[in-house]
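The values are calculated or read from the model by the stated rules, or taken from the named source; none is laboratory data. Quick caveat, the model's predicted, so the values are computed rather than measured. Here the Cβ positions follow ideal geometry from the backbone for every residue, glycine too, while neighbour counts run over all protein chains shown. For accessibility, only protein heavy atoms count, side chains too; no ligands or nucleic acids. Shrake-Rupley method; radii C 1.70, N 1.55, O 1.52, S 1.80 Å.
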Amino acid sequence: MGAIVIDGPAQMNAVRQPGTVFMFSGQGSQYFHMGRALYDANGTFRDWMNRLDDVVRQTSGQSVLAALYSEGKSKGDSFDRTSLTHPAIFMVEVALARALMQAGVTPSLVLGVSMGSFAAAAVSGFLDVEDALRAVVHQALALEEWAEPGGMTAVLADPALFAKSFLSARSELAAVNFASHFVVTARQTELAGIGADLRRYEVNHQQLPVTFPFHSQWIDGARAPFQTFMRSIGTRPGHVPMVCSDQGTVVSQLSESYFWDVVRKPIRFRETIAGLERQGPWRYIDVGPAGTLATFLKYGLPSGTASTVSAILTPFGTDLKNLATVSAGH
């Protein structure tokens, strides 16, 4: 992959320098009870969660809130059913973005990573929020019916390790997040062997809580039914510039395949951030469920940068304090 330059006068003139970047993460960042403290204490967050849950129930007959905030589940339990996790991630990210905006923290640019691009597009105005959520649900249902089972493994090592045949012959490269972190994606039958070989090489790794091999050929069966639904809804020019991490560029209009490409093509997060930093400094705010992208940036930003990084939601019980701190700095 070559270097990515994020520029272009028509696109970047609209972005304040320095500006605030809302970052939206995708699958693998979810857990039961994410955002619960905000749901209980923040009226804007709660209202959006309730409103969006109504859309999911009308679309699929399921209540995300009933599953997400079930008293019978703990944060450590596996939360990996795509028809629930896809909309749950979207709902939490949109609700948190709206809570931030209500508190006076507004994005000058949004960054979508994988299916986090749905929420980024909704917040930036490229897509109506209800249409975006319906698209999320339909993509999840298409995956559950047509994609091959599989999973994803985060590897804490130089991405050059992927060239080893035990990885490259059995998986595809799903993401490069920073210099010592990448993700591979594979069919279910290959996951155990990949994990065993990583242990044999003494490479730290973590299986992500997903049941499909996102960003690989093995989900291609879901493309046609999902694209059929996408042709039924419309997009429009956004009011906030949007960067997509599979393209690494500022998006001015959405292609017909945009919302399929974001979950199919490799994530180029490291290159995307490098391009943004050439336009920086920035105030990066992770509006994902677990602060995953903020963690990537803490390891991936260049030394000496004037950019700052904040996370709000984490599994560790500091969500309200984090939101207050970020809001106070707007």
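Given Gly304, Val105, Thr82, which one lies farthest toward the positive end of the charge dipole of the chain, if we put +1 on the Cβ of every Lys and Arg and -1 on the Cβ of every Asp and Glu?
Toward the positive end, the furthest listed residue is Gly304.
Find, among the GluC sites (Glu not before Pro) in region 228-291, those assigned to loop by DSSP (not H, G, I, E, B) with at most 12 other beta-carbon atoms within 10 angstrom. The partial results should precede the final answer.
Working: sites: Glu256, Glu271, Glu277; in loops: Glu256.
Passing sites in region 228-291 are Glu256.
Among Phe178, Pro237, Val262, whose Cα lies farthest out toward the positive end of the dipole of the chain, if unit charges sit on the beta carbon of Lys, Arg (+1) and Asp, Glu (-1)?
Sorting the options by dipole projection puts first Phe178.
Above 14 Å lies some portion of the pair distances; for region 196-269, what is it as a whole percent of all C-alpha pairs?
Values: 1918 of 2701 pairs.
Tail of P(r) above 14 Å: 71 percent of Cα pairs.
Go through 107-118, 138-149, 26-37 and give me the packing order, highest mean Cβ count within 10 Å leading.
Highest mean packing first, the order is 107-118, 26-37, 138-149.
Using the C-alpha gyration tensor of region 75-188, what are the square roots of 5 times its eigenvalues, in whole angstrom, with the largest one first?
30, 19, 13
Just to check I understand the Karplus step: with θ = phi - 60° and J = 6.51 cos²θ - 1.76 cosθ + 1.60, what whole-Hz values come out for region 95-109, glycine and proline as x?
Couplings: 4, 5, 4, 5, 5, 5, 5, 4, 7, x, 9, 10, x, 9, 7 Hz.
Only Cα pairs under 8 Å and at least 6 apart count here; give the relative contact order of region 275-330 as a rounded whole percent. Before the final figure, lay out each step's value.
Values: 58 pairs, mean separation 19.7, N = 56.
Reported as a whole number, the value is 35 percent.
Using θ = phi - 60° and the Karplus form 6.51 cos²θ - 1.76 cosθ + 1.60, what ³J(HN,Hα) does each residue of region 139-145 get, whole Hz, x for Gly and Pro?
5, 4, 5, 5, 4, 5, 8
Once you keep just the Cα pairs under 8 angstrom separated by 6 or more residues, what percentage relative contact order results for the chain? Kindly include the intermediate steps, with their values, before the conclusion.
Working: 681 pairs, mean separation 87.2, N = 330.
Reported relative contact order: 26 percent.
Given the C-alpha centroids of region 171-229 and region 262-278, what is the distance between them in whole angstrom?
Cα centres, region 171-229 to region 262-278: 17 Å.
Dipole of the chain, Cα-centred, from +1 at each Lys and Arg C-beta and -1 at each Asp and Glu C-beta, to the nearest 20 debye?
Numbers: 26 positive and 28 negative charges, 82 e Å.
For this selection, approximately 400 debye.
Tell me the relative contact order for region 118-189 as a rounded percent, counting alpha carbon contacts under 8 Å between residues six or more apart. Could the numbers behind the result be given before it?
On the way: 78 pairs, mean separation 20.9, N = 72.
Computed value for region 118-189: 29 percent relative contact order.
Short version: what are the Cα gyration tensor semi-axes of the chain, square root of 5 times each eigenvalue, largest first, in whole Å?
Values: eigenvalues 142, 117, 85 Å².
For the chain, the semi-axes come out at 27, 24, 21 Å.
Mind grabbing the accessible area of Arg264 for me, 1.4 Å probe, Å², rounded to tens?
For Arg264, solvent-accessible area is about 60 Å².
In terms of the ratio Rg/(2.2 N^0.38 Å) built on C-alpha atoms, what value belongs to region 175-330? Don't skip to the end; give the middle numbers.
Values: Rg = 18.1 Å, N = 156, 2.2 N^0.38 = 15.0 Å.
Expressed relative to 2.2 N^0.38 Å, the Cα Rg reads 1.21.
Hand me the GluC sites (Glu not before Pro) from region 31-138 located in a DSSP loop with no more than 10 other Cβ atoms within 10 Å, in residue order please.
Glu71
So what are the ³J(HN,Hα) numbers for region 280-294, from phi and the Karplus equation (6.51, -1.76, 1.60; θ = phi - 60°), rounded to whole Hz, Gly and Pro as x?
Going residue by residue, I get x, x, 10, 9, 8, 10, 7, 9, x, x, 10, x, 4, 5, 4 Hz, with x marking Gly and Pro.
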